[in-house]
Amino acid sequence: MWQRIKTAIVLVIIVGFALFASSMPIFVLPLLAVGVLIAAHEWTKLMPKVKYPARFILAVLLLTILSVFVPWTWVAWWAVSLGIWVMATAWVLQYPAQEKWYGKRLVYMGAVILTAAITAMYGLWQMSPWWLMYVFLLVWCADSGAYFVGRKLGKRKLAPNVSPNKSIEGLIGGLVTAGIVTVIVGNYLQLSGTALALFLLLSAVTVLASVLGDLFESMLKRRAGIKDSGSILPGHGGVLDRIDSLLSATPVFAFGFWLLLKLGVFTEVWIKMHFAAMRIPF
C-alpha cells in the first residue's frame, strides 16, 4: 500500500508540474508523448499476437503526435472514439458470450482510442490547464467514491463477468461524489439555469464513460489472460491501468464541451476558466 501511495504522489507532482509550469507545451507534450508510447506498448499485450508490435507502437506514436499538431482532426478523432465506446458498452455487457470484437480490429481501435484521448487531453489543456485538471479530478473523485461506497454498501454486481468487485451501488456513489465536485466548480463559475444543467449532464456522462473505459480494459485483460497491462508504475501496474478511465472520459468531455461551445452555451464558462488559468503565478 505504501508503495502505491508513493507512486501516486510522484505521479501527481509530475502531472501537476507539466500542466501548470508553463503556458507553452514544453512539458505537457513530452509527458503525453511518453505516455502514449508506453500505453501503445502495453496495448500490444491486450491484442492477439502481432508479428511486428514495434510497428504498431511507432505508428500510434507518430499518428498521435501528428494529430496533436493538426487541430482540425481532433473532433473527428473524438467522434470516432465515441462510436467505439458506444459499441464497447454492448461488448462489456455481453462478455464472455460475445467476443466478435477480439481480433485484428483491436489494432485499429487501439490507435483511435489512444489518439482521441491524447488529442483530447492536449485540446483541453490548450483551453486551460484547469479544464484538463477538472476532468482528472472528476474521474479520480468518482473512482474514490465508487470504491468506498461499493466496499461498504455494494451488493448488486455491475459487470460480474468483467470486474466482479464493481457494484451498482458503487457506481451511484461515484456519480454522487463527482456531482458534488461538479456543483462546487459550477458554483465557482457562477453557472445557473441551462448552463448549469448541461454542465452537470456532461460531467455525469463523462463519469459514466470513465467507468466504461475501466471495464473495457478489464475485459481486454481478462481475454488476454493478464492481471496488469504492465509493471512500470510500482503498486499500480502499467500506464493503461492508470489511465483506462481517462481514455474514454477525456474525448467524451472534450467532444461535449466543444459542442456546447459551438452552440454558444459555454462561451462565458470558457472565458472564466481561461482567465483563471492566466492568474496562476508560475
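Read-outs: derived from the displayed coordinates by stated rules, not from any lab. Please read all numbers here as calculations on a predicted model, not as lab measurements. Don't worry about glycine lacking a Cβ; one is built from the backbone with ideal geometry, like all the others, and counts go over all protein chains shown.
For the chain, build the charge dipole from Cβ charges (+1 Lys, Arg; -1 Asp, Glu) around the Cα centre, then report which of 198, 176, 71 sits farthest towards its positive end. Going by the Cα projections, it comes out as 176.
Only DSSP H runs of four or more residues enter the estimate; each adds -39500 (n - 2.57), and after division by the residues of the chain the mean residue ellipticity at 222 nm equals -26000 deg cm²/dmol. Near residue 226, no amide H atom lies under 5 Å from its own; only residues 5 or more places off or on other chains count, and H is placed 1.01 Å from N.
Counting 0.36 nm for each residue step from residue 22 to residue 52 and taking away their Cα separation leaves a gain of 7.0 nm. Placing a pseudo-label 7 Å from each Cα along the Cα-to-Cβ vector at residue 156 and residue 89 gives an inter-label distance of 1.7 nm.
The amide H of residue 166, built 1.01 Å from its N in the peptide plane, has 158, 159 as neighbours under 5 Å, considering only residues 5 or more places off or on other chains.
Our estimate of slack between residue 144 and residue 59, defined as 0.36 nm per intervening residue step minus the Cα-Cα distance, is 27.1 nm. GNM remark for the chain: springs join alpha carbons under 10 Å apart, and the peak mean-square fluctuation among 217, 169, 99 falls on 99. Karplus-based coupling profile of the stretch 97-113, in residue order and whole Hz: 5, 10, 9, 5, 5, 7, x, 5, 4, 5, 4, 6, 5, x, 4, 5, 4, with θ = phi - 60° in 6.51 cos²θ - 1.76 cosθ + 1.60 and x standing for Gly or Pro.
When the trypsin sites (Lys or Arg not before Pro) in the stretch 82-131 are filtered for DSSP coil states and for at most 11 other beta-carbon atoms within 10 Å of their beta-carbon, the remaining sites are 100, 104. Between residue 8 and residue 205, the C-beta separation translates, for a Förster distance of 25 Å, into a calculated FRET efficiency of about 0.40.
Would you look at the GNM of the chain, springs on alpha carbons closer than 10 Å, and say which of 36, 135, 265 moves the most? Per the Cα network of the chain with a 10 Å cutoff, 265 tops the list. For the chain, a Gaussian network of Cα nodes joined below 10 Å ranks 193, 35, 213 by mean-square fluctuation, and the top entry is 193. The charge dipole of the chain, taken about its Cα centre with unit charges on the Cβ of Lys, Arg, Asp and Glu (plus for the first two, minus for the last two), comes to roughly 740 debye. Magnitude of the charge dipole for the stretch 1-129, about its Cα centre and with charges confined to Cβ atoms of Lys, Arg (+1) and Asp, Glu (-1), is about 420 debye.
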